[in-house]
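**Q** For reference, the structure I am asking about is given below.
The values are calculated or read from the model by the stated rules, or taken from the named source; none is laboratory data. Because the structure is predicted, anything quoted here is derived from the model rather than measured. Don't worry about glycine lacking a Cβ; one is built from the backbone with ideal geometry, like all the others, and counts go over all protein chains shown. Side chains are part of the model used for accessible areas, which takes the heavy atoms of the whole protein and leaves out ligands, DNA and RNA. Shrake-Rupley method; radii C 1.70, N 1.55, O 1.52, S 1.80 Å.
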Amino acid sequence: MQSARSSSSRLLSLARHMIRRSATNAANTGRQTAGADAGAEQTTHFGYQTVKESEKEAKVHEVFEQVAKSYDLMNDAMSMGIHRVWKDVFIERLGPTHGMRLLDMAGGTGDISFRYLKYLANQANPQQRQSHVTISDINQHMLDVGKERARQLTQLPNCSIDWKCADAEKLPFASDSFNAYTIAFGIRNCTHIDQVLSEAYRVLQPGGRFMCLEFSHLPNETMQWLYDQYSFQVIPPMGQLLAGQWQAYQYLVESIRRFPRQDQFKRMIEQAGFAHVTYENLTFGVVSIHSGFKL
C-alpha cells in the first residue's frame with residue numbers, strides 16, 4: 001500500500017514538474033515571438049507582391065527610372081490619348097487664378113504644371129500678380145525629363161517655377177506654404193498614403209485646396225471586367241514593344257487594382273483633416289478626381 005502511495009506521489013510530482021516546464025517553455029516562446037513581431041519590419045504591397053516597406057520606395061524608384069523617357073509616349077498609347085483630356089479637365093476643375101502658389105507633387109514630366117501655366121497665360125492679369133509652381137517628384141530622372149520639356153516652352157511672365165526632388169511623405173517645405181496642391185497618377189505609388197495626405201494638409205495654407213487625379217475603379221462589373229482584360233492582356237505587352245519594359249507596366253496595372261475605391265479614398269482624405277471632400281468619375285470611373293479643402 002505504501003509502495004503504491006509512494007509511486008502515485010512520484011507520478012504526481014513528475015506531472016506537476018512537466019506542467020511547470022511546459023508553461024515556462026510556452027511563456028519563453030511567447031516572449032520570443034512577441035519580440036520578433038515587435039522587431040519585424042512592416043510589409044506593404046508592390047503591385048501584387050508583398051514587400052518590406054523599406055524596399056517599396058526603391059522598387060518604385062526603379063520603375064520610373066526605367067520608364068521616364070518613354071512615359072509620355074506610353075501614356076498616349078495606353079489611354080489612346082485620353083489622358084490628355086483627363087488632365088485638361090483636372091486643371092479646369094482646379095481653376096487656377098493669378099497669385100496662386102501651386103505644389104505639383106509627382107509632377108516630374110510637367111504635364112500638370114504646364115497646363116497650369118497655360119491656363120494662367122489665357123487669363124488677364126491687370127494687377128500683375130505673381131504666381132508660382134513648385135514641381136516636385138521623388139525621381140530625379142522624371143524631373144530631368146520635365147526640365148528638358150520646360151526649355152521648349154515660352155516663359156510666362158509673372159510666374160516662377162521651382163523644381164524639387166522630394167518624398168511626398170516627408171516634404172521639405174514649411175507649413176502653410178502653398179494654396180493649392182495637385183498630385184496626378186502618383187499617390188498610388190506611395191507607401192503610406194495617409195502620410196502623403198497629412199503632409200499635403202500641412203503645407204497648404206488655410207483655405208488651400210487639395211486635388212488628386214488617379215486611376216480608379218469602374219462601378220459597372222461588366223465594364224470593369226473588360227477594362228481588366230485590356231489592362232492585363234494589352235498594356236504589359238505594349239510596354240515591352242514601345243519601351244522595352246514589360247515588368248514596369250505590369251506593376252503599374254497591378255498598382256491601380258490595389259488602390260482604394262473612390263469612397264474609401266474620400267474617407268482617407270477626410271481623415272487627414274480636409275473638408276468638403278468630393279470626387280468625380282471620368283470615363284466611367286477609369287480615373288477619378290478627388291478634391292478637398294483645408295479650412
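**Q** Go through (1) open to solvent by 40 Å² or more (accessible area, probe 1.4 Å); (2) of a type in the set (A, V, I, L, M); (3) over 13 Å from HIS98 (Cα atoms); (4) more than 18 Å from the chain's Cα centre (by Cα) for ALA124 and report which single condition fails.
**A** With (1) open to solvent by 40 Å² or more (accessible area, probe 1.4 Å); (2) of a type in the set (A, V, I, L, M); (3) over 13 Å from HIS98 (Cα atoms); (4) more than 18 Å from the chain's Cα centre (by Cα) applied to ALA124, the lone miss is (3).
**Q** Please tell me if LEU282 is of a type in the set (A, V, I, L, M), more than 21 Å from MET74 (Cα to Cα) and not assigned by the TED database to the domain that holds MET74.
**A** Judged against the criteria, LEU282 is not a match.
**Q** Of these, LEU213, LEU242, LEU218, which one is open to solvent by 20 Å² or more (accessible area, probe 1.4 Å) and either assigned to a strand (DSSP E or B) or at negative phi (or both)?
**A** LEU242
**Q** Within the set of pairs 6+ apart or on separate chains, which have a first residue in the range 222-239 that is in contact (Cβ under 8 Å) with a residue 24 or more places away in the chain, a second that is assigned to a helix (DSSP H, G or I) and surrounded by 12 or more Cβ atoms within 10 Å (Cβ to Cβ), and C-beta atoms under 6 Å apart?
**A** MET223/PHE284; SER231/VAL253; ILE235/MET78; ILE235/TYR249; ILE235/VAL253; MET238/ALA77; GLY239/TRP246; GLY239/TYR249
**Q** If VAL85 meets every condition in (1) closer than 28 Å to SER175 by Cβ; (2) loosely packed, with under 14 Cβ neighbours inside 10 Å apart from one, which number is that one?
**A** Of the numbered conditions (1) closer than 28 Å to SER175 by Cβ; (2) loosely packed, with under 14 Cβ neighbours inside 10 Å, the odd one out for VAL85 is (1).
**Q** Among the numbered conditions (1) open to solvent by 30 Å² or more (accessible area, probe 1.4 Å); (2) free of Cβ contacts under 8 Å to residues at least 40 places away in the same chain; (3) not basic (Lys, Arg), tell me where ILE138 comes up short.
**A** For ILE138, the failing item is (2).
**Q** Additional query: Report the residue count in the range 263-278 for those that are under 17 Å from VAL196 (Cβ atoms) and either touching a residue at least 40 places away in the same chain (Cβ under 8 Å) or open to solvent by 80 Å² or more (accessible area, probe 1.4 Å) (or both).
**A** Result for the range 263-278: 9.
**Q** Then there is this: Restricting attention to the range 251-287, and to residues there that are assigned to a helix (DSSP H, G or I) and charged (D, E, K, R), which single residue is nearest to ILE183 (Cα to Cα)?
**A** Looking at residues that are assigned to a helix (DSSP H, G or I) and charged (D, E, K, R), I get LYS266.
**Q** Do we have HIS290 as open to solvent by 80 Å² or more (accessible area, probe 1.4 Å), touching a strand residue (DSSP E or B) at 6+ places or on another chain (Cβ under 8 Å) and not in a helix (DSSP H, G or I) here?
**A** no
Okay, residues lined up against (1) surrounded by fewer than 18 Cβ atoms within 10 Å (Cβ to Cβ); (2) outside the structural domain of GLY107 (by the TED database); (3) in contact with a Ser or Thr (Cβ under 8 Å, 6 or more places away or on another chain):
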| residue | (1), (2), (3) |
| --- | --- |
| ASP194 | yes, no, no |
| GLU199 | no, no, no |
| GLY207 | yes, no, no |
| GLN224 | yes, yes, no |
| TYR227 | no, yes, no |
| GLN233 | yes, yes, no |
| PRO237 | yes, yes, no |
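**Q** Could you figure out which of (1) assigned to a loop (DSSP other than H, G, I, E, B); (2) modelled with pLDDT of 95 or more; (3) closer than 22 Å to VAL89 by Cβ isn't true of TYR181?
**A** Tallying (1) assigned to a loop (DSSP other than H, G, I, E, B); (2) modelled with pLDDT of 95 or more; (3) closer than 22 Å to VAL89 by Cβ, TYR181 fails exactly one: (1).
**Q** Which of the residues belonging to the range 156-178 are farther than 12 Å from GLY108 by Cβ and part of a strand (DSSP E or B)?
**A** Within the range 156-178, CYS159, SER160, ILE161, ASP162, ASP167, LYS170, PHE178 qualify.
**Q** Moving to a separate point now. Any idea how many residues of the range 144-201 are at positive phi and among the acidic types (Asp, Glu)?
**A** 1
**Q** Please go through (1) touching a residue at least 12 places away in the same chain (Cβ under 8 Å); (2) over 28 Å from LEU282 (Cα atoms); (3) loosely packed, with under 15 Cβ neighbours inside 10 Å for ILE161 and return the number of the only condition it doesn't satisfy.
**A** In the conditions (1) touching a residue at least 12 places away in the same chain (Cβ under 8 Å); (2) over 28 Å from LEU282 (Cα atoms); (3) loosely packed, with under 15 Cβ neighbours inside 10 Å, ILE161 misses (3) alone.
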